1. From the set of residues in the range 63-76 that are in contact (Cβ under 8 Å) with a residue 40 or more places away in the chain and surrounded by fewer than 20 Cβ atoms within 10 Å (Cβ to Cβ), which is farthest from PRO137 (Cα to Cα)?
2. With respect to SER40, determine if the residue is polar (S, T, N, Q), touching a residue at least 60 places away in the same chain (Cβ under 8 Å) and surrounded by fewer than 20 Cβ atoms within 10 Å (Cβ to Cβ).
3. Could you list, in sequence order, the residues of the range 32-72 that are farther than 18 Å from GLY10 by Cβ and in contact with a Lys or Arg (Cβ under 9 Å, 6 or more places away or on another chain)?
4. In the range 121-164, what residues are among the aliphatic types (A, V, I, L, M) and part of a loop (DSSP other than H, G, I, E, B)?
5. From ARG30, ARG69, ARG115, grab the single residue that is over 21 Å from the mean Cα position of the chain (by Cα) and not hydrophobic (A, V, I, L, M, F, W, C).
6. Can you find a residue in the range 169-177 that is part of a helix (DSSP H, G or I), touching a strand residue (DSSP E or B) at 6+ places or on another chain (Cβ under 8 Å), on the phi < 0 side of the Ramachandran plot and not aliphatic (A, V, I, L, M)?
7. Residues ASP171, ASP234, ASP209, ASP217: which one is within 15 Å of the chain's Cα centre (by Cα), at pLDDT 90 or above and surrounded by fewer than 20 Cβ atoms within 10 Å (Cβ to Cβ)?
Amino acid sequence: MNEPLIELKGISKSFGSNKVLDNVNLTIYRGEAVGIIGPSGTGKSTILRVIAGLIAPDEGEVYIEGVRREGLIEDAADPVGIGMVFQQAALFDSLTVQENVGFLLYQHSKLRRSRIRELVNQKLEMVGLPGTGDRYPAELSGGMRKRVSFARAIMSNPDNPKEGAEVLLYDEPTAGLDPIASTVIEDLIRSLQHTQGVCGTYAIVTHQDSTIRRTADRIIFLYQGKVQWQGTVDELDTTDHPLIKQFITGSIQGPIQMMA
């Protein structure tokens, strides 16, 4: 196995009296597709935000390519770029697709607007949305909005390639989509990793069985703020671990207690 690209060591995080993460250790290697699964409210999205540097842990250390992060991503750049695709796409409703995808370049680069439009069109082609740059988010389907958010996450400045995302974090990218739209998104995630060579490393939070099986290689199972199990996708069907068996079968009988 390669050297770790991302390491979380002893990460704990509370919101008020609710301890969401409890001494979590997690490693992601370059080129991996890691699925983070578990019941709702067990800290999966919080882990992504800690990795992205959007929130700081109360305890523990975050290492990116062996370098310990101090503070948040806004305080100092990481050794590698980390992009995040949010569950609800998080597009600006008042901006066009073109403006959404190229937002960071319009705001923080010295590139000509014509060059930014060219780069945006390339990214829209990559996610299967050519010719949509003049539309607004309200004119798109849910699946199309998700793909626009992918295009934004992989946008980079050719004058500063190190600012581009080498790692992508997906927070439930197929939530709320029909099975066909979900398959389109799942195929796109793998295509960006393998076929198109963009962001070869990613972590994905999902509850959807097809997404787990089609986009992840290694699985991390969270429950009660702790990593309870790790293994390959194939091992989901062969392990005797009671938490995994209950989660995969959807049984209401077992050690996972549903919150009222």
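1. Keep residues of the range 63-76 that are in contact (Cβ under 8 Å) with a residue 40 or more places away in the chain, which gives 63-66.
Applying the additional criterion that residues be surrounded by fewer than 20 Cβ atoms within 10 Å (Cβ to Cβ) yields 63, 65-66.
Numbers: TYR63: 36, GLU65: 36, GLY66: 39 Å.
That would be GLY66.
2. Details: polar (S, T, N, Q): yes; touching a residue at least 60 places away in the same chain (Cβ under 8 Å): yes; surrounded by fewer than 20 Cβ atoms within 10 Å (Cβ to Cβ): yes.
Judged against the criteria, SER40 is a match.
3. Hits for the range 32-72 are GLU32, ALA33, VAL34, GLY35, ILE37, GLY38, GLU65.
4. Pass one, the range 121-164, residues among the aliphatic types (A, V, I, L, M): 124, 126-127, 129, 138, 140, 144, 148, 151, 153-155.
Within the range 121-164, VAL127, LEU129, LEU140, ILE154, MET155 meet the criteria.
5. When all the criteria are applied, what remains is ARG115.
6. Start the filter on the range 169-177 by keeping residues that are part of a helix (DSSP H, G or I), which leaves none.
No, that holds for no residue.
7. ASP217
The values are calculated or read from the model by the stated rules, or taken from the named source; none is laboratory data. Nothing here was measured: the structure is a model prediction, and the numbers come from that model. Neighbour counts run over all protein chains shown; Cβ positions are idealised from the backbone, glycine included.
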